[in-house]
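Down below is the structure, laid out as structure tokens.
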Amino acid sequence: MEIRNLKIAIFYDWLNQWGGAEKVLLDILSIYPNSDLYTLIHDPTKTDWLPQKIKIYPSILNKLSLTKKNNLFHTPFYGLFLEQFDFSKYDIVISTTQVIGHCLLTPPKTLFVCYLHNINRYIYQTPKNFKLLTPLLRQYQKTDFIYAQRPDYLLCNSQTVQKRIEKQYQRPAKVIYPGIDTSFFIPQKNSSVEDYFLVVSRLVRHKKIDLAIRACQQLNKKLIIAGQGRDYHRLVKIKNQQNTSKIFFLGKVSPKKLLKLYQNCQALICPQLEDFGLTPLEAQACGKPVIAFNQGGITETVIDGKTGIFFDNQTTKSLKQAIKKFDSLSFNSKDCVKNSAKFSQDNFVLNLNKP
């Protein structure tokens with residue numbers, strides 16, 4: 001049977017924000033434009049990026065959640081809500097997830113493919129301030145292991161996540177790298193470098209943006225931060241602790257504005273531990289190098305000393321040393337563009353469609 005004649009459902013954890021995983025969701029929807037979309041939570045006020053004609057089926061939790069936000073303490077109950085979905089009319093269910101999309105219950109006749117951006121960080125990468133929850137989280141890990149046996153096939157976005165899947169779920173997963181729009185993210189014709197570093201990210205704690213703020217303040221460097229999120233007010237307080245006018249928060253920016261920011265920056269700073277990370281590739285596609293923490297998926301997409309440099313510790317001191325080192329080096333924009341071309345949307349679509 002041809003793929004266009006198959007009934008397909010797509011699942012994504014929650015439709016209430018914008019980021020790299022949401023870009024991957026759009027790529028999958030472009031491959032299967034007639035599919036139905038299922039989710040735990042849907043906030044229409046924050047999803048103007050979705051195709052207008054897509055049919056969206058939120059879970060019962062959507063009616064119970066007043067804020068339409070993800071909540072750490074709901075984690076043990078997510079599976080129960082997802083099991084209420086009826087997928088009996090579908091030939092294929094494709095889950096793109098970083099938390100709970102492997103929990104779905106599908107009938108034997110339905111092919112269930114799960115594309116993991118990460119395993120559930122809430123239960124496997126426990127913050128220090130949640131250490132008291134460790135016994136409970138360990139118990140939930142046992143349940144999560146059972147859930148992880150449900151998909152027929154596991155795919156993932158990086159070798160970093162592949163290793164986590166093999167360790168925690170004891171299952172193999174095929175790596176299919178997400179892609180960027182290399183026809184949109186391109187170098188400026190008349191190449192220029194303005195005097196600023198750039199951060200492009202959701203403003204949440206685990207992105208460690210405070211390191212970039214402190215490092216640039218202490219080195220008297222200009223830093224532009226594009227993105228929005230619940231950590232905004234804390235980050236502004238950190239900025240205001242020192243009398244500096246060189247840290248700028250732009251909030252959510254348009255695609256055209258983002259392109260210009262990439263094209264004219266000195267480098268993109270990525271202080272976070274990324275499972276994969278699309279922004280370093282977008283910057284490289286614009287001919288710009290990356291300064292990144294030396295762990296996670298970024299180590300698979302940035303060539304140290306050629307398209308960027310790494311720092312080994314998630315500390316202000318380590319990042320400052322990397323910025324100083326960056327200032328003493330030169331990078332060829334063509335090397336950056338060439339490296340990013342391996343991670344195009346076209347390659348993602350082709351690899352996702354391979355048997």
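The values are calculated or read from the model by the stated rules, or taken from the named source; none is laboratory data. Source: prediction; values computed, not measured. Because the Cβ atoms are built from the backbone with ideal geometry, glycine has one as well, and the counts that use them run over all protein chains shown. Surface accessibility is based on the protein's heavy atoms, side chains included, excluding ligands, DNA and RNA. Shrake-Rupley method; radii C 1.70, N 1.55, O 1.52, S 1.80 Å.
Brief remarks follow.
- The orientation-averaged shadow of the Cα convex hull for region 198-355, equal to a quarter of the hull surface, comes to 9.5 nm².
- Förster-model FRET efficiency, 30 Å R0, Ile238 and Ser328, C-beta, rounded to 0.05: 0.65
- Computed over neighbours whose Cβ is under 12 Å from that of Asp48, the net charge equals 0, Lys and Arg +1, Asp and Glu -1.
- Accessible area (Å², per residue) of the chain, counting only protein heavy atoms and a probe of 1.4 Å: 49 Å²
- Estimated at 0.36 nm per residue, the fully extended path between Glu166 and Leu133 surpasses their Cα-Cα distance by 9.5 nm.
- FRET E, pair Asn190, Asp335, Förster distance 22 Å, beta-carbon r, rounded to 0.05: 0.70
- Straight-distance candidates among the lysines for linking to Lys189, with alpha-carbon spacing under 21 Å and chain neighbours fewer than 8 residues away dropped: Lys256, Lys257, Lys260, Lys288, Lys334, Lys338.
- Where only C-alpha atoms are counted, convex hull volume of the chain per residue in Å³: 143 Å³
- Peptide ranges 302-310, 265-273 listed from the most packed, as the mean C-beta count within 10 angstrom indicates: 265-273, 302-310
- Under 14 Å from Lys207, Cα to Cα: aspartates and glutamates that are on another chain or at least 8 residues apart: Asp231, Glu274, Asp275
- Shape class for region 103-227: oblate, because the ratio a/c of the largest to smallest gyration tensor axis (alpha-carbon atoms, square roots of eigenvalues) is 1.5 or more and b/c is at least a/b.
- Across every direction, the projection of the convex hull enclosing the Cα atoms of region 311-355 has a mean area of 5.2 nm².
- In straight-distance terms, cross-link reach from Lys63 covers every one of the aspartates and glutamates whose alpha-carbon lies under 19 Å from its own, apart from those fewer than eight places away in the same chain; here that gives Asp13, Asp43, Glu83, Asp86.
- Here's the picture: a label point sits 7 Å out from the Cα of Gln125 along the beta-carbon direction, and within region 211-243 the residues with their amide nitrogen under 19 Å of it are 211-213, 228-232.
- Label zone at Gln84 (point 7 Å along Cα-to-Cβ), backbone N below 16 Å, region 27-52: 38-43
- Using a Förster distance of 22 Å, the FRET efficiency for Ile56-Ser30 (Cβ separation, nearest 0.05): 0.85
- Stretched out straight at 0.36 nm per residue, the stretch from Ser245 to Thr45 would grow longer than its current Cα-Cα span by 68.7 nm.
- For Leu105, neighbours were defined as the other residues whose beta-carbon sits under 12 Å from its Cβ, and their charges (Lys and Arg +1, Asp and Glu -1) total -1.
- Cα gyration tensor category, rounded, prolate or oblate, for region 200-270 with a/c compared to 1.5: oblate
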